[in-house]
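K.L.:
Sharing a structure, written as structure tokens. Questions coming.
The values are calculated or read from the model by the stated rules, or taken from the named source; none is laboratory data. Computed from a prediction, not measured in an experiment: that's the story for all the values here. All Cβ positions, even for glycine, are placed from backbone atoms using ideal geometry, and neighbour counts span all protein chains on display. Side chains included, ligands, DNA and RNA excluded: accessible areas come from the protein's heavy atoms. Shrake-Rupley method; radii C 1.70, N 1.55, O 1.52, S 1.80 Å.
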Amino acid sequence: MILLSCFLHLRPRRGCGALAGLGRGLNPSAGSRRALRVLVDMDGVLADFEGGFLKKFRARYPDKPYIALEDRRGFWVSEQYGRLGPELSEKAISIWESKNFFIELDPLPGAVEAVKQMANLADTDVFICTSPIKKYRYCPYEKYAWVEKHFGPEFLEQIVLTRDKTVVSADLLIDDRPDITGAEQNPSWEHVLFTACHNKHLQLKPPSRRLHSWADDWKAILDSKRLPPGQAT
């Protein structure tokens, strides 16, 4: 059995090259201000899970009904497909359980560029926090390979694989799943909902916030969470 990391306190390491700013931690020049820790989900936030799924589902099952992206509702793809027909739920699951599904996902527009910029901001630690599927034969390896392919090997130190994101300590979690629950009833992070085809119809109650896309002002969201020097916690 593969044991995947659930870090209560992440200890970043210094990167190199284009991502030399990774893992700054405390910056003495900033008055010992604690670095802002940002968790960024992978599927549906960095990688185009929905588009990749639909493309492969239609290719494998050309005679079966499918759900267009504009008609997607609800986080769980398999549940909505199951309502079309009992056998379609298992067929949907078979797509993302297959070899090369995760590694072949395309990045969402602007995702790679934005997260690289984010990782190089002063006093900012960025981690890709992603939940592997339970059938782990291909998924964990391909998630690491996807990050290395699009972000470079130096970003492999910034990956957190966990089935429970509530136990990971951070200031922000950018994630497309509307309901994130787990062992910790009061996670340390603020959940910023990343807009996806399956959640765009949801009306959020204040103070909940959205990041509509990577063209949106994500820097303003980060800045809103920063503490001034001398107020590090």
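K.L.:
Of all accessible surface on region 167-215 at a 1.4 Å probe, what whole percent is carbon and sulfur?
P.N.:
49
K.L.:
How much accessible area per residue does region 31-158 have, in Å², with a 1.4 Å probe?
P.N.:
The answer is 46 Å² per residue.
K.L.:
Taking 0.36 nm per intervening residue step and subtracting the Cα-Cα distance, what contour gain separates Glu113 from Lys225 on full extension?
P.N.:
Gain in length upon complete extension: 38.2 nm.
K.L.:
Oh, and also: From the Cα gyration tensor of region 103-233, with a ≥ b ≥ c the square roots of its eigenvalues, which class applies: rounded if a/c is under 1.5, or else prolate if a/b is larger than b/c, or else oblate?
P.N.:
rounded
K.L.:
Still on this structure, I have one more. Cβ under 11 Å from Gly110's Cβ, Gly110 left aside: what net charge do those residues give with Lys, Arg +1 and Asp, Glu -1?
P.N.:
Summing Lys/Arg as +1 and Asp/Glu as -1 gives -1.
K.L.:
Which of Lys200/Lys225; Lys99/Lys134; Lys205/Lys225; Lys165/Lys225 have a Cα-Cα distance over 22 Å?
P.N.:
Exceeds cut-off: Lys200/Lys225.
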